[in-house]
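What follows draws every value from the coordinates through simple rules; no lab data is involved. Everything quoted here is computed from the prediction, not taken from an experiment. We place every Cβ from the backbone using ideal geometry, glycine too, and count neighbours over all the protein chains shown.
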Amino acid sequence: IGNGSGGRGLTIYSGNDSSGYIGFNDSEADSMRAYIQYGHNDDTFRIGVAGESHFAINSAHILTMDKQPAFQAGSNATQSNVASGNTVQVNFASEIFDQNADFSSSTFTAPATGKYFLHTVIYLQQVDTAASYYSLRITTSNRVYVEIMDPNFSADLSYHSLTVTVLADMDTNDTATVGFLQVGGTDQTEIVGNVSYTYFCGNLVC
C-alpha cells in the first residue's frame, strides 16, 4: 500500500509456480463462492463463480468465457418427402458443440435474457417448381423470422439451400427452433441430413 501524495494500491505476492487470489465465501465453512485469481504459471487472470472459472484473459490479450452460451448442431438424417401444408420441425440430432448445455432435442433454450445470434441453413433436394412457395423459419418464444422462396423455375431443382440469420431478443427460458414449410406441389422435397449443409448455430452476444 502506497503512502504520501502518490497513488494507492494493493499487491499480492505469490511464487512463480503458484497463484495469488482474492476469495469470497458465505461463511468460513463454505467452499469459495467466487474469486479473482492471477496464475503465474500460465500468466492468466481469471474471475470465477461457484468454484469455477468463467472469465479468463491471458498475456496475449485473448479473452475466453467457457460458459458463455454457444452451440452448433447439424442434421445427420434426411427428412424425405416432406408433407406440404404444415410447418415441419427440422431435426438437428448431431451436436458439434454446446458450450453451456442449452441445446437439446433440436431446441435451443436461452439461459439468460439477452440478444442472441442465431443462424440456420438447410440443404434441399427435389425442389418442386409446382409449389406455391417454400419457407424456412427460426421460431422463438417472442417472434418468428422467415425466409420465403417462390420456386417459379423452368423445371424442378435438384438442390437448393435456404438460410435465416438474425440477432434475436430472447428472455430467460425462451426457446428457438427451426421449421420448414412447403405450400402446394408434390410431397417430394428432402431436407438433406448432412452436418456440413444442414445446421443450426447460435451464441449469446450481449
In nm, what is the difference between 0.36 nm times the number of residues separating TYR38 and ASP171 and their Cα-Cα distance?
-> 44.5 nm
Total charge dipole magnitude, the stretch 39-159, about the Cα centre, Cβ charges on Lys, Arg, Asp, Glu only, Debye to nearest 20 = 300
Residues listed by number, the stretch 55-72, amide nitrogen under 20 Å from SER141 label point at 7 Å toward C-beta | 68-71
Note to self: C-alpha centroids of the stretch 138-189 and the stretch 93-136 sit apart, in Å, by 9
Local electrostatic count at SER75 - Lys and Arg +1, Asp and Glu -1, tallied over other residues with Cβ under 14 Å | -2
Report which label in (i) 1.47; (ii) 1.05; (iii) 1.18 holds the value of Cα Rg over 2.2 N^0.38 Å derived from the coordinates of this structure.
-> (i)
With the dipole of the chain defined by +1 on each Lys or Arg Cβ and -1 on each Asp or Glu Cβ, the option from VAL146, SER80, TYR38 whose Cα lies farthest towards the positive pole is TYR38
Note, ³J(HN,Hα) from phi for the stretch 99-114, Karplus 6.51, -1.76, 1.60, rounded to Hz, x at Gly and Pro = 5, 10, 6, 9, 10, 7, 6, 6, 10, 9, 10, 5, x, 8, 5, x
Neighbourhood net charge (13 Å Cβ-Cβ; Lys/Arg +1, Asp/Glu -1) for GLN126 = -4
Charge tally for neighbours of PHE108 with beta carbon under 12 Å away, counting Lys, Arg as +1 and Asp, Glu as -1, is -4
